[in-house]
2 protein chains.
Amino acid sequence: MTTSKPFPKSFGLLLFPGFEVLDVAGPIEILNCLARREGYDDMNLSVINRTLDPVSPGPVPPHTAGKAFTGNQLYLPTHSLDTAPEIDVLLVPGGFGAFDLNKTNLEDYIDFIRDRYKGSDGHKPLKYLISVCNGAGLLAKSGILDGRRATTNKDFWEEVAAYGPKTHWIAKARWVTDGNIWTTSGVSAGADGVIAWLASLIPKEIVDDVVNGVEWFRAKDADNDPFAEHFGRRDIAPVEA
Amino acid sequence: MTTSKPFPKSFGLLLFPGFEVLDVAGPIEILNCLARREGYDDMNLSVINRTLDPVSPGPVPPHTAGKAFTGNQLYLPTHSLDTAPEIDVLLVPGGFGAFDLNKTNLEDYIDFIRDRYKGSDGHKPLKYLISVCNGAGLLAKSGILDGRRATTNKDFWEEVAAYGPKTHWIAKARWVTDGNIWTTSGVSAGADGVIAWLASLIPKEIVDDVVNGVEWFRAKDADNDPFAEHFGRRDIAPVEA
């Protein structure tokens, strides 16, 4: 196997109540395809919830709309926030459960993201941090997007950007990279971001093979974002501290 | 609310060991967005496995590649094949677990699909049956694609088509409709198929709103299938009985 750069092995997927299904499944599908391939089949994944209870994309109280549909989708975590092992790459989805972060109590998740990104409590710092959709709001609330460029969901653009007043929010972006942090736009953009992230690390032929195998209509360029225009979004510059 | 046709309420999602994550999540994401909307929030979903045990997209023995990654993804069913309630719309994903149907024992799933499609054991027949990727192989093995047009995954085209020798397999197709059966191409095509299916039933404005909300790069036309050409696939005519 020839890789352009050392490829990380240990992945973590953070799930909170009310996560968005495709925010998770887009990146995970791409990574699943890679993990089945010779040379990459030592990749491992930890699925991390607050506790070991099943976690659902269903509505978080007091919301109830769609509960009989979305609430019956239940994912089993492998680890809690307290027991999660060392992680090289942390995936943070968005979802309605992370929409109103001033009312929703996700402080423990936000602390987890900050602690693992920086490395603390004896844990090594993450090699990469990837958010999808308004998962960027969790990163922003943790403070680690301060002074950085990032993007997020285009439908709820200003609402999410408000969690990161010291962040430069790029509107016309399927994904944005700043150092080892990759933020992606809404829902489906997560897969394109992870595809681009892979393409920065492993041979192009393997990435193309995965993309064709899943018959994905790929956005190859980071600024291929028709949804910024659709929703009329503009960049939001950071507020000076 | 104005709908073009009566919209079905009760959805079933069939999960077998080794299902493909995005085969499931593409359609489910689209339907989740609909289920959250006023006028559609009485939709319900049953997640159906052989038993009530958690079910994983991980490799099915004797295969092991990628197990530490894919095998840690665990979905909890709400019903077993035996306890599944009445269903209007059944979603059948594909995945490597349904690849070699002559060796893999999925006969009970195949019987379930046939019985529910036709209606038997006191159950009403399905209103719609939707397959993604090589989920079409399960439909074909059940006999219900005999004499019909269908499509499936473009990467493993001939292998899946072989399960339906009396089916006309359409190569250049993101999805194919024949009566109330919708078969879609590989993995990502499931979302486009479900979007098209919705567009046949509910107002266009609602469908567009969902698609834009999830920032999906949509294939609007059934024959928008660059992957048929990429893999060099051609139609496969049915063998005369």
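The values are calculated or read from the model by the stated rules, or taken from the named source; none is laboratory data. No experiment lies behind these values; they were computed from the predicted model shown. Positions of Cβ are backbone-derived with ideal geometry, glycine not excepted, and every protein chain shown enters the neighbour counts.
Some observations on this one:
- Residues located in the range A:42-65, provided they are more than 11 Å from chain B (Cβ to nearest Cβ) and surrounded by 16 or more Cβ atoms within 10 Å (Cβ to Cβ): A:49, A:50, A:60
- In summary, residue B:228 fulfils each of the numbered conditions (1) more than 20 Å from the chain's Cα centre (by Cα); (2) part of a helix (DSSP H, G or I); (3) within 12 Å of chain A (Cβ to nearest Cβ) with the single exception of condition (1).
- A single entry from B:147, B:119 fulfils the requirement of being surrounded by fewer than 15 Cβ atoms within 10 Å (Cβ to Cβ) and in contact (Cβ under 8 Å) with a residue 40 or more places away in the chain: B:147.
- Count of the range B:109-122 residues which are farther than 12 Å from residue B:81 by Cβ and part of a loop (DSSP other than H, G, I, E, B): 3
- Count - residues of the range A:7-27 that are within 11 Å of another protein chain (Cβ to nearest Cβ) and closer than 13 Å to residue A:198 by Cβ: 3
- Tally of residues being within 21 Å of residue B:209 (Cβ to Cβ), in contact (Cβ under 8 Å) with a residue 60 or more places away in the chain and assigned to a loop (DSSP other than H, G, I, E, B) across the range A:152-171: 3
- Residue match in the range A:231-239 (condition: aliphatic (A, V, I, L, M), at pLDDT below 95 and surrounded by fewer than 22 Cβ atoms within 10 Å (Cβ to Cβ)): yes
- Members of the range B:224-241 that are over 25 Å from residue A:227 (Cβ atoms) and touching a residue at least 24 places away in the same chain (Cβ under 8 Å): B:228, B:229, B:230, B:231, B:233, B:234, B:235, B:236, B:237, B:238, B:239, B:241
- Filter result for residue A:192 (surrounded by 15 or more Cβ atoms within 10 Å (Cβ to Cβ), at the interface with chain B (Cβ under 10 Å from one of its Cβ atoms), under 18 Å from the mean Cα position of the chain (by Cα) and not in a loop (DSSP other than H, G, I, E, B)): yes
The rows are residues; the columns are (1) assigned to a loop (DSSP other than H, G, I, E, B); (2) in contact (Cβ under 8 Å) with a residue 40 or more places away in the chain.
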position: A:97; (1), (2): no, yes
position: A:104; (1), (2): yes, yes
position: A:138; (1), (2): no, yes
position: A:205; (1), (2): no, no
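Matching residues to (1) closer than 22 Å to residue A:152 by Cα; (2) hydroxyl-bearing (Ser, Thr, Tyr); (3) at pLDDT 95 or above:
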site	(1), (2), (3)
A:50	no, no, yes
A:67	no, no, yes
A:98	yes, no, yes
A:104	yes, yes, no
A:127	yes, no, yes
A:140	yes, no, yes
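- Scanning the range A:1-34 for residues that are of a type outside the set (A, V, I, L, M, F, W, C), assigned to a loop (DSSP other than H, G, I, E, B) and modelled with pLDDT of 95 or more, we see that the one that is nearest to the chain's Cα centre (by Cα) is A:20.
- Residue within the range B:96-112 that is crowded, with 24+ Cβ neighbours inside 10 Å, within 11 Å of chain A (Cβ to nearest Cβ) and of a type outside the set (D, E, K, R) present: no
- Qualifying residues in the range B:66-85 (those that are within 11 Å of another protein chain (Cβ to nearest Cβ) and of a type in the set (A, V, I, L, M, F, W, C)) - the one nearest to residue B:18 (Cα to Cα): B:74
- Residue that is within 14 Å of another protein chain (Cβ to nearest Cβ) and basic (Lys, Arg), where the choices are A:172, A:141, A:118, A:124: A:172
- Tallying residues that are of a type in the set (D, E, K, R) and under 17 Å from the mean Cα position of the chain (by Cα) within the range A:146-180 yields 6.
- Note on the range A:86-145: residues that are hydroxyl-bearing (Ser, Thr, Tyr) and closer than 17 Å to residue A:17 by Cβ total 2.
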